[in-house]
2 protein chains.
Amino acid sequence: MFKAMAQRLQELFIFFFLAIFSRATSLNKPHSRATLPLEAVAHSYCLSWRLAVEANNVGGWRTVPAQCLHHIETYMTAGQYDRDLEFIVDQILNYVRGIVLSGDGLDAWILDVDDTCISNVIYYKGKRFGCEPYDPAGFVAWASKGGCPAIPAVLRLFKELVPIGFKVFLVTGRDQENLGQVTIDNLHNQEFIGYERLILRTRAYNGQSAVTYKSNIRKQLVEEGYRIWGNVGDQWSDLHGDFVGNRTFKLPNPMYFVP
Amino acid sequence: MFKAMAQRLQELFIFFFLAIFSRATSLNKPHSRATLPLEAVAHSYCLSWRLAVEANNVGGWRTVPAQCLHHIETYMTAGQYDRDLEFIVDQILNYVRGIVLSGDGLDAWILDVDDTCISNVIYYKGKRFGCEPYDPAGFVAWASKGGCPAIPAVLRLFKELVPIGFKVFLVTGRDQENLGQVTIDNLHNQEFIGYERLILRTRAYNGQSAVTYKSNIRKQLVEEGYRIWGNVGDQWSDLHGDFVGNRTFKLPNPMYFVP
């Protein structure tokens with residue numbers, strides 16, 4: 001708690017220092033753009049923050065830095081997030097098309113669910129795109145509605161994987177008891193149809209980190225004989241640990257961090 | 001070879017398709033910014049490309065997409081690359097300051113050399129920031145001059161690690177026979193002084209991928225009793241494989257890819 005506060009204070013300090021420094025030095029240089037120096041400084045800082053998050057250089061972070069609300073909102077809603085997803089799915093499909101399937105029904109592919117198959121951006125808009133800390137009850141209330149829209153790029157991937165013959169496993173940290181049926185329905189109403197298995201978190205895995213829980217699930221699949229060709233998630237905890245798969249793909253998510 | 005050409009053609013096709021699509025749709029919307037639609041499209045594409053590269057979503061790539069020359073040049077030389085490095089080093093130092101060293105002289109830290117400790121941006125400017133393919137002879141000629149400048153952010157990290165008591169190992173794919181002495185001199189003239197060992201590639205490791213070679217080196221360090229607390233490099237091949245360390249940190253490098 002103190003550590004998080006100290007980090008937030010440090011961020012704010014750096015931000016204001018840069019802002020003042022930028023204003024001071026801006027006296028010497030006329031600005032050719034309409035952008036205010038203060039905005040430019042925040043933009044640059046938030047670019048660095050987001051790149052560091054996506055390359056997994058920031059340890060467990062709890063909230064988006066307050067000064068990056070506008071940056072993240074713009075990123076998530078003005079098109080670049082969608083284009084980044086489409087670009088990554090193109091990369092994944094390049095890889096997929098080079099795979100020769102065995103035909104024994106054991107070629108597997110793993111997809112995470114939240115903000116991989118289906119989107120929570122609408123919910124996170126109400127949480128200031130992650131500037132507010134994780135709210136477990138709020139999230140369950142949202143997820144219980146079953147109204148998460150498909151992420152179009154990942155649905156496109158899914159719809160290529162299934163007919164080729166991949167057994168697609170959807171692996172999620174969502175609680176089976178509370179969210180099992182609504183998640184099945186939500187995936188179905190968003191056209192995720194034809195997957196092999198949806199694996200939700202059962203009581204046996206309560207309290208385990210996502211890395212441990214998902215590693216255990218993948219271990220079981222490998223023990224069943226499956227070859228995990230690919231593994232796609234928006235969290236590094238989807239892609240780290242054991243039996244991660246032949247290739248892993250990290251989708252962008254600058255709104256929250258799952259340890 | 002054909003695969004690379006096909007990929008390049010695909011990139012160009014996507015680029016022109018997006019460009020035409022953007023011009024077509026732009027008829028309906030006046031542009032509030034001076035940016036041309038064509039430039040905006042290229043910018044957006046190159047943002048996606050760079051993010052995908054930094055999150056390791058693009059398989060072995062050989063050159064920067066031709067349409068991204070301007071984007072990468074601006075990124076590398078106009079300040080954002082430097083700010084991204086400073087941000088990551090701040091994250092690393094947050095981690096470093098939480099480590100309690102054992103005092104037995106076996107707390108180790110690994111740094112890559114090229115574009116981690118010292119910079120090749122001047123050289124890559126002459127290679128159109130990676131739009132031209134890797135030129136082994138050209139690179140050796142450049143490195144033989146011993147004129148690579150320090151990367152200020154990483155020098156700052158280095159100068160904190162050594163006095164605290166970390167044994168810093170510099171591990172590089174540079175050839176020991178041809179580039180050993182000049183690399184020692186270059187690091188020294190750039191104030192990388194006080195590291196434990198500089199490990200260059202000897203003949204025994206010729207032909208090994210960077211992942212295999214560097215994993216072998218780290219294995220030897222672990223067998224000597226060292227605890228690898230951190231591992232910093234600009235390539236994912238610095239950070240993957242075995243004995244990667246307790247935390248790894250990926251520095252940006254959109255100019256080239258080392259398998």
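The 3J(HN,Hα) values that the Karplus relation (6.51, -1.76, 1.60; θ = phi - 60°) gives for region A:123-135 are, in residue order, 5, 5, 4, x, 10, 6, 6, x, 6, 8, x, 4, 10 Hz. Gly and Pro appear as x. With the label put 7 angstrom out from Cα along the Cα-to-Cβ vector, B:PRO163 ends up 6.5 nm from the copy partners, going from closest to farthest.
Counts of other chain beta carbons within 10 angstrom of each beta carbon in peptide B:238-249 average 1. Shown here for region A:139-235: GluC sites (Glu not before Pro) in loop regions (DSSP other than H, G, I, E, B) with at most 10 other Cβ atoms within 10 Å, namely A:GLU224.
Within 10 Å of the Cβ of each residue in B:60-71, the mean number of Cβ atoms contributed by other protein chains is 0.
Calculated [222 nm] ellipticity per residue, helices only, for the protein assembly as shown: -15500 deg cm²/dmol; basis is -39500 (n - 2.57) per DSSP H run with n ≥ 4, divided by all residues, nearest 500. Each other copy places its own label point for A:ILE193 at 7.2 nm from this one, sorted shortest first, where the point lies 7 Å along the Cα-to-beta carbon line.
At q = 0.11, 0.13 Å⁻¹ the log10 of I(q)/I(0) for chain B amounts to -0.65, -0.87, computed by Debye summation with a single uniform scatterer per C-alpha, solvent ignored. Ranking B:GLY130, B:GLN190, B:ASN120 by Cα position along the charge dipole of region B:119-254, where only Lys, Arg, Asp and Glu carry charges on their C-beta atoms, puts B:GLY130 farthest toward the positive end.
Put simply, chains B and A cover up around 2400 Å² of each other's accessible surface, both sides summed, when a 1.4 Å probe is used. Distance distribution P(r), region A:150-259, all Cα-Cα pairs, bin width 5 angstrom from 0: 2, 11, 20, 25, 24, 15, 3, 0 percent.
Listed as lacking a disulfide-compatible partner in chain B: B:CYS117, B:CYS131, B:CYS148, by the criterion of no other cysteine Cβ under 4.7 Å. Note that the protein assembly as shown presents 47 Å² accessible area per residue, ligands and nucleic acids not counted, probe 1.4 Å. With 22 Å as the limit on Cα-Cα distance, the pairs of A:LYS214/A:LYS250; B:LYS125/B:LYS167; B:LYS159/B:LYS250; B:LYS214/B:LYS250; B:LYS167/B:LYS250 that go past it are B:LYS125/B:LYS167. Loop only per DSSP, at most 16 neighbouring Cβ atoms within 10 Å: give me the chymotrypsin sites (Phe, Trp or Tyr not before Pro) in region A:75-171, ordered by residue number. Those satisfying the criteria are A:TYR134. Normalised by the number of residues in region A:39-250, the mean separation of alpha-carbon contacts (under 8 Å, six or more apart) gives a relative contact order of 23 percent.
The other copies place their B:GLY79 label points at 2.5 nm from this one, listed shortest first, where each point is 7 Å from Cα along Cα→Cβ. The alpha carbons of region B:74-159 occupy a box of 46, 27, 19 Å along the principal axes, longest dimension given first.
For B:ILE199, the amide hydrogen comes within under 5 Å of the amide hydrogens of B:LEU170, B:VAL171, B:THR172, counting only partners 5 or more places away or on other chains and with H modelled in the peptide plane. Taken residue by residue and averaged, Cβ atoms of other chains lying within 10 Å of the Cβ of A:87-96 number 4. Averaging the Cα positions of each part gives two centres, and for region B:56-78 and region A:175-250 these lie 33 Å apart. In the context of the full protein assembly, A:TRP229 retains an accessible surface of approximately 60 Å², using a probe radius of 1.4 Å and ignoring ligands and nucleic acids. In terms of the Cα gyration tensor, with a ≥ b ≥ c the square roots of its eigenvalues, is the protein assembly as shown rounded because a/c is under 1.5, prolate because a/b exceeds b/c, or oblate? It is rounded, given that a/c, with a ≥ b ≥ c, falls under 1.5.
The values are calculated or read from the model by the stated rules, or taken from the named source; none is laboratory data. Note that this is a predicted model, so its numbers are computed, not measured. Don't worry about glycine lacking a Cβ; one is built from the backbone with ideal geometry, like all the others, and counts go over all protein chains shown. Ligands, DNA and RNA are stripped out before the accessible areas are found, and what is left, the full protein with its side chains, is counted by its heavy atoms. Shrake-Rupley method; radii C 1.70, N 1.55, O 1.52, S 1.80 Å.
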